[in-house]
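The structure appears below as structure tokens.
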Amino acid sequence: MSNNAYITSACVIRNNTVTKNGEPVFTSDNTGLPEFLRSLYDRYSGQYPKFHKMDLLSKLGWAATEILLQDMPMDIYVPEDTGVVLANTSSSLDTDERYYETVSEIASPALFVYTLPNIVIGEISIRHRFKGENAFFIDDHFDIEFITGYVRQLLDTGAINACICGWVEQYHAGYEAALYLVEKNSRGMALPFTAEQAEKLYR
């Protein structure tokens, strides 16, 4: 296994707080999740109208990626070089339930679009023009060893040269995101890409 892989950026979002590269960078008052995600959009992005149509899971993953990639331009790679590998526990169940509630009257196409968890990968990839390998796993907890091992294999085989990977969980009011930018290039934090290092940034 090659050692030539680094965590170059990390973002954790939980309890209305954003941590970037191990340091708190934003905290919001005790508001609901929709309002909190809107505050992240206003602070870190803006001018992307499609955000407002997304479900909460996609908004969470999308906003975490915006923060993750700040000051980390990805145009050094061709689109096929960057992959996205995510996991969560609840899949898209929150949106599935809300969609099911509409079926008895007029089923909502706007909700139906988001009744697969990997749609969050699509929203991230459209925004940043990523076309590399992608996968979305469902697990009962954030299995950091599995995710790092899977992404390591993609990097070591040359399938990709960079990857956004981690955890994006949302069900009703509960949520948590922990994303890492992993690259063969040494830039940014340039911490060794290991499960132990990812765990430290997650905690």
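Collect the residues in region 123-151 that are in contact with a Ser or Thr (Cβ under 8 Å, 6 or more places away or on another chain), over 28 Å from Glu97 (Cα atoms) and surrounded by fewer than 20 Cβ atoms within 10 Å (Cβ to Cβ), keeping them in residue-number order.
Selection gives His128, Lys131.
Do we have any residue at all in region 25-35 that's modelled with pLDDT of 95 or more, among the aromatic types (Phe, Trp, Tyr), over 17 Å from the mean Cα position of the chain (by Cα) and within 28 Å of Phe193 (Cβ to Cβ)?
Checked region 25-35: at least one residue is modelled with pLDDT of 95 or more, among the aromatic types (Phe, Trp, Tyr), over 17 Å from the mean Cα position of the chain (by Cα) and within 28 Å of Phe193 (Cβ to Cβ).
What are the residue pairs meeting all of these: first residue in region 79-101, first residue over 14 Å from Ile164 (Cα atoms), second residue of a type in the set (D, E, K, R) and modelled with pLDDT under 95, Cβ atoms under 9 Å, and 6 or more apart or on different chains?
Between residues of region 79-101 that are over 14 Å from Ile164 (Cα atoms) and residues that are of a type in the set (D, E, K, R) and modelled with pLDDT under 95, the close pairs are Ser92/Asp55; Asp94/Asp55; Thr95/Asp55; Arg98/Asp55.
Can you tell me which residues in region 45-70 are over 23 Å from Phe112 (Cβ atoms) and at pLDDT 95 or above?
Ala64, Thr65, Glu66, Ile67, Leu68, Leu69, Gln70
Among the residues of region 122-179, which ones are small (Gly, Ala, Ser), in contact with a Gly (Cβ under 9 Å, 6 or more places away or on another chain) and free of Cβ contacts under 8 Å to residues at least 60 places away in the same chain?
Ser125, Gly132, Ala135
Can you tell me which residue in region 36-58 is nearest to the chain's Cα centre (by Cα), limited to those that are assigned to a loop (DSSP other than H, G, I, E, B), more than 21 Å from Leu181 (Cα to Cα) and not hydrophobic (A, V, I, L, M, F, W, C)? If you could, list the steps in order and put the result at the bottom.
Step one: filter region 36-58 for residues assigned to a loop (DSSP other than H, G, I, E, B), giving 45-48, 54-55.
Filter again for more than 21 Å from Leu181 (Cα to Cα), leaving 46-48, 54-55.
From what's left, not hydrophobic (A, V, I, L, M, F, W, C): 46-48, 55.
Numbers: Gly46: 18, Gln47: 20, Tyr48: 17, Asp55: 14 Å.
Restricting to residues being assigned to a loop (DSSP other than H, G, I, E, B), more than 21 Å from Leu181 (Cα to Cα) and not hydrophobic (A, V, I, L, M, F, W, C), the top hit is Asp55.
Can you tell me which residue in region 71-127 is modelled with the lowest pLDDT, limited to those that are assigned to a helix (DSSP H, G or I), over 26 Å from Val12 (Cα atoms) and of a type in the set (Val, Ile, Thr)?
Checked region 71-127; the qualifying residue modelled with the lowest pLDDT is Val103.
The values are calculated or read from the model by the stated rules, or taken from the named source; none is laboratory data. Remember, it's a predicted structure, so these values are computed and weren't measured experimentally. Please note: Cβ atoms are built from the backbone with ideal geometry, for glycine as well, and neighbour counts cover all protein chains shown.
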